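Peer 1: Could you have a look at this structure, given as C-alpha cells, before my questions?
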Amino acid sequence: MKKIMLAFLAVMVLFVAACEQGTVPTGRGIGPYVGGNDALQIKFEEGMPPSEFGEDDAVDVKIKVVNMGEYDVPENTVKLKLFGVAPNEFSTLNFDFKLVPNSLYPIEKDIFDVGGEALVEMGEIDYSGTINQQFYDTTLFAKICYPYQTKSDIEACITSKRIEDSDSEEVCNYAGVNLGSGSVSSGPVQITSFTEELRGLSQISFKIGFENRGTGNVYSDVVSCEDIDLLTAQQEKNKVHVKINNVDPETISCNFPSGSGVEGDLTLAEGQEKILVCIMDIDQTAQYTQSIDVSVEYKYTETTKRDIKILSNQ
C-alpha cells in the first residue's frame, strides 16, 4: 500500500509540474508538431574561413544552412549574402545574394531530428588591403533571407450559449481551450495563444495571438531579398500573411486591418503579441470539437558572423 501511495504522489508531482510549465493542454493533448522557434540555421563552415590566417593566404568561405524547423523550403528560394568588410579589399568574395539551389526538407516528429542542409560557397578571401601593424582584425557577416511558414492544428470547442445553459452532456469545454503541446509547428513566427468566447446564441469568437519569437526580422513575403534593406521595404517589416484553411469561409470572418475574411495581413508589434479576432457562426444545437488550421506565411532574415585576424607578412 505504501508503494502505491508513493507512486501516486510521484505521478501527481509530475502532473503539477507539467501544468505549471504549460505543457498539459485541455484539448486533444499531444499534437503532430515538434514545435519551437527554430527555422533555418546559418553558420560559417568550420575553418572556412579560419579565425586566423596570413596576409598571403587564400582561404575559402563557405556557409552551412540547416533546416531545424517544420516547413519544407522549396529549392531556389533561400538566399545568402556576405557583408561587413570593404569590398575593394576583399574583391575575391561574392557580395551579391546567392541562391541555395536545393530544397531543404523539414524536421518531422519521431522521424527527422535534423532537416535538410546545404553548404554554399561564397568565394575566397585573398586580402588586398594594407596591414600597417602585425595583424588586422575584422568581422565578416553573412545574412540569410528565406520564405517560411508556421502551421497549426488547434483543437477548438464548438458550442453555443443554449447548450452551455442546458443539461446536455459536455463534449468539450470552450473556456478551457488553449494551445496544446505540439499544436503549432516550429518557426520563428509563432501562434502564441488561442482562446474562445461565446457571442450571443449562435456565434463563437476565437482570439488568436501571433508573435515573432525568433532572433531575426520578419517581412511580408512579397518583398524580395534584394530590396529588404531599402527604406521603401521597411513598411513591409513585421508583416505576415495569416489564413484560416479548413473552415467554411461563409461561416467565419476574421478582423484583418484590410477587411474581414479568412485571410489577410497582420503587422506584428516588436516583442508583443498581436491578437486576431475571428467570429464563427455555429449551430445552436450541437457541441463538438473541431481542428482549426491556421497558417502564417512570411519572409525571414537572420545574420551570423565570423571574427578573423589577418597576419601581416612583414
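Just so you know, all these numbers are worked out from the coordinates, no wet-lab data involved. Remember, predicted model here, so these are calculated numbers, not experimental data. Note that each Cβ is placed from the backbone with ideal geometry, even for glycine, and that neighbours are counted across all protein chains shown.
Peer 1: Would you call Val100 out of contact with any Ser or Thr (no Cβ under 9 Å at 6 or more places or on another chain), at negative phi, without any contact (Cβ under 8 Å) to a residue 60 or more places away in the chain and of a type in the set (A, V, I, L, M, F, W, C)?
Peer 2: no
Peer 1: Follow-up question, since we're still on this one. Looking at Leu140, Leu119, can you tell me which residue is surrounded by fewer than 16 Cβ atoms within 10 Å (Cβ to Cβ), of a type in the set (A, V, I, L, M) and in a strand (DSSP E or B)?
Peer 2: Leu119
Peer 1: Quick check on my filter: what residues within the stretch 225-260 are under 26 Å from Lys143 (Cβ atoms) and surrounded by fewer than 14 Cβ atoms within 10 Å (Cβ to Cβ)? Steps first, please.
Peer 2: Quick first cut of the stretch 225-260, residues under 26 Å from Lys143 (Cβ atoms) only: 225-242.
Glu226, Asp227, Asp229, Leu230, Leu231, Thr232, Gln234, Gln235 - these are the residues of the stretch 225-260 that are under 26 Å from Lys143 (Cβ atoms) and surrounded by fewer than 14 Cβ atoms within 10 Å (Cβ to Cβ).
Peer 1: Could you check how many residues of the stretch 143-163 are within 22 Å of Gln284 (Cα to Cα) and either surrounded by fewer than 19 Cβ atoms within 10 Å (Cβ to Cβ) or out of contact with any Phe, Trp or Tyr (no Cβ under 8 Å at 6 or more places or on another chain) (or both)?
Peer 2: Selection size over the stretch 143-163: 5.
Peer 1: Of the residues Asn238, Asn246, which is touching a Leu at 6+ places or on another chain (Cβ under 9 Å) and polar (S, T, N, Q)?
Peer 2: Asn238
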